[in-house]
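**Student:** Here it is: the structure, laid out below.
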Amino acid sequence: MSTRPRHPWRVVLEAPTGPSPEAEFTSEAKTYAYVREELRKAEAGETETTAIRINQWESGRWWHFETVKPVEQW
């Protein structure tokens, strides 16, 4: 089995120009604090983020944990 990484949470921001580099975190709480801030920025029109993909290291590999999308403003 592979060794657990130091930062077992990863976030990738999806945008029309392509995905962002991965942001890595040590805990679920830190991950979701970052996700909330990125959602706020996207919903305020400060970024072009269309989706936020969250991955978690578990059982020796990376798993897709959740994808969150900003609320569309009309």
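**Student:** Starting from segment 23-34, keep only residues that are surrounded by 15 or more Cβ atoms within 10 Å (Cβ to Cβ), then list their pairs with residues that are in a loop (DSSP other than H, G, I, E, B) whose Cβ atoms are within a distance under 7 Å, requiring at least 6 positions of separation or different chains.
**Tutor:** What qualifies is E24/H7; F25/H7.
**Student:** Okay, moving on. Only one of K41, K69 is of a type in the set (D, E, K, R) and under 11 Å from the mean Cα position of the chain (by Cα); which?
**Tutor:** K69
**Student:** Within segment 24-59, how many residues are in contact with a Phe, Trp or Tyr (Cβ under 6 Å, 6 or more places away or on another chain), hydrophobic (A, V, I, L, M, F, W, C) and farther than 21 Å from V71 by Cβ?
**Tutor:** 1
**Student:** Out of curiosity, is S2 more than 12 Å from the chain's Cα centre (by Cα) and open to solvent by less than 70 Å² (accessible area, probe 1.4 Å)?
**Tutor:** yes
**Student:** Acidic (D, E) and at pLDDT 95 or above: does that describe E38?
**Tutor:** Values: acidic (D, E): yes; at pLDDT 95 or above: yes.
Taking the combined requirement at face value, the residue satisfies it.
**Student:** Counting just the residues of segment 35-50 that are touching a Leu at 6+ places or on another chain (Cβ under 8 Å) and not charged (D, E, K, R), which one comes out surrounded by the fewest Cβ atoms within 10 Å (Cβ to Cβ)?
**Tutor:** In this case the residue turns out to be T47.
The values are calculated or read from the model by the stated rules, or taken from the named source; none is laboratory data. For clarity, every value in this text was computed on a predicted model and none was experimentally measured. All Cβ positions, even for glycine, are placed from backbone atoms using ideal geometry, and neighbour counts span all protein chains on display. To get the accessible areas, we keep the full protein, side chains included, count just its heavy atoms, and leave off ligands, DNA and RNA. Shrake-Rupley method; radii C 1.70, N 1.55, O 1.52, S 1.80 Å.
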